[in-house]
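Q: A single structure is presented below for examination.
Each value in this text was obtained by applying a stated rule to the coordinates, not by laboratory testing. These numbers come from a predicted model, not from an experiment. Please note: Cβ atoms are built from the backbone with ideal geometry, for glycine as well, and neighbour counts cover all protein chains shown.
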Amino acid sequence: MKTAPTTIQLNDFKTQWRDIRQDAIAAFERVGESGWMILGSEVKSFEAALARMWGLARAVGCANGLDAIEIALRVLGITPGAKVLTTPLSAFASTLAIVRAGGIPLFADVDESGIVDLNRCETVFREHADVRFFVPVHLYGHAIDLEHLSRLRATFDLSIVEDCAQAIGATSAGRPVGCVGQIAATSFYPTKNLGCMGDGGALLTDDDALADKAQTLRDYGQSAKYEHTQLGLNSRLDEVQAALMRDALLPRLAKQTQRRQHVATRYLAEIDNRALRLPTIPSGSTSVWHLFAFRVRNDRDAFQAHLRERGIQSGVHYPILIPAQRAMNDVPGARSLDALAQARDFCATEVSLPMHPYLSDTDITRVIDACNAWRP
Ligand SMILES: *Cc1c(COP(=O)(O)O)cnc(C)c1O
């Protein structure tokens, strides 16, 4: 009797645990033995390791990616009602952070890759002198064109927080994401390329003064013990997560990224079906393939059902545009600066295939065969 093939999941945390278990338990034990749980030597040494890996001077651990973006905007001096240009196609957190920092989000359309269209943004900055904050998102693991971003920063004197939650390690023309904006923000939510075993996030910068301010803000706005110089947050990364990441997850990141790139290379080379529009990557970008996001020409539901019948999970990133979310009714002034036609097309037609470092060669082949067997 033939056994049914196992389900190919979007993420595989059980296999990850078998891989990291020894290192993770040693890290956990060390924290327990230390008797120190919050903002101690583990957080410091993880921050140092992360900054070194990234090539930026300072990293500041936070409780999650949402807070990292909010804190970044606040240390850049955002004032209540400041307009912030961003993308309509992302995790809701990109925009929620802007709102929580007191900003008013404005949306411009994305390009073929799904990333906010920098040509469109350039026009916005030229026509609207009151829009000087920018939160671009390196979506799906692809890097936005950093040369263009750098030109925009210089020309319009922008304050930029790069949302790198999906793109840790991605490069554009050889430079890492996060190095053009004043601050890079990232998330360690478990599904991210560098995920912890709970919630976590960080912001990174070359500017010591900004990093110092962020350290104050993440800890109730304390500049010294019981001395509060600002109205901060409770957004601390804890010792356990920092130790797990430094010992078990960060050392595996480079290899795991290569594995994701291998999976993507095979999908790109071997999926051959005119009903599927494979991903476009911004020119000069090396993607770290957080997601393998592409578009189905018609009947996405039927395509996902076809995959499901073959034991293959799939996702949609994202089904609803951020400005169309009901919660946005409560944000006065938030608006879209154009029709968002391309972003709408992503919402209506995008599908994400299984993409994680523990996919076997047979899994990859099964996904490819299922895609190629699809007939709309
Ligand atoms: C995950 C994610 C965030 C938010 O991170 P959390 O740690 O979940 O708060 C922000 N932006 C993008 C693009 C993300 O993918």
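Q: Picking from Thr15, Gly103, Ala93, whose Cα lies most toward the positive end of the charge dipole for the chain (charges on Cβ: Lys, Arg +1; Asp, Glu -1)?
A: About the Cα centre, the residue reaching furthest to the positive side is Thr15.
Q: Going by a ≥ b ≥ c, the root eigenvalues of the Cα gyration tensor, does segment 1-128 fall in the rounded group (a/c under 1.5), the prolate group (a/b larger than b/c) or the oblate group?
A: oblate
Q: Hey, with R₀ at 56 Å, roughly what FRET efficiency would Phe13 and Ser283 work out to, going by the Cβ-Cβ distance, to 0.05?
A: 0.95
Q: Taking the beta-carbon count within 10 Å as an exposure proxy, list Asp207, Asp238 from fewest neighbours to most.
A: Asp207, Asp238
Q: Something else: Most fluctuating residue of Ile38, Ile104, Ile160 in a GNM of the chain with Cα springs under 10 Å: which is it?
A: Ile38
Q: Continuing with this model, one more query. What's the lysine pair count for the chain at a Cα cut-off below 20 Å, pairs eight or more apart or interchain?
A: Pairs that pass both the separation and distance tests number 6.
Q: Could you list Ser287, Ser150, Ser187 in order of exposure, starting from the residue whose Cβ has the fewest other Cβ atoms within 10 Å? Working shown, then result.
A: On the way: Ser287 25, Ser150 17, Ser187 29.
So the ranking, lowest neighbour count to highest, is Ser150, Ser287, Ser187.
Q: Can you run the Rg to Rh ratio on the chain? Use alpha carbon positions and the Kirkwood inverse-distance Rh.
A: Looking at the chain, the ratio lands at 0.97.
Q: For segment 167-230, which chymotrypsin sites (Phe, Trp or Tyr not before Pro) are in a loop by DSSP, counting at most 14 other Cβ atoms within 10 Å?
A: Tyr226
Q: Right, next: When a/c is below 1.5 the answer is rounded, else prolate if a/b is larger than b/c, else oblate, so apply that to segment 241-376 with a ≥ b ≥ c taken from the square roots of the Cα gyration tensor eigenvalues.
A: oblate
Q: Taking the Cα centre as origin and putting +1 on Lys and Arg beta-carbons and -1 on Asp and Glu beta-carbons, what dipole magnitude results for the chain, to the nearest 20 debye?
A: With only Lys, Arg, Asp and Glu charged at Cβ, the dipole is about 660 debye.
Q: Taking trypsin sites (Lys or Arg not before Pro) that fall in a DSSP loop and have at most 15 other Cβ atoms within 10 Å as cut points, what is the longest piece of the chain between them?
A: Numbers: sites that count: Lys2, Lys225, Arg274, Arg297.
That would be 3-224.
Q: Let me ask something else about it. What FRET efficiency do you get for Asp299 and His128 if R0 is 22 Å and r is their Cβ-Cβ distance, rounded to the nearest 0.05?
A: Rounded to the nearest 0.05, the efficiency is 0.05.
Q: How far apart, in nanometres, would the label points at Arg175 and Gln325 be if each is projected 7 angstrom from Cα along the Cα-to-Cβ direction?
A: Going from the Arg175 label point to the Gln325 one covers 3.0 nm.
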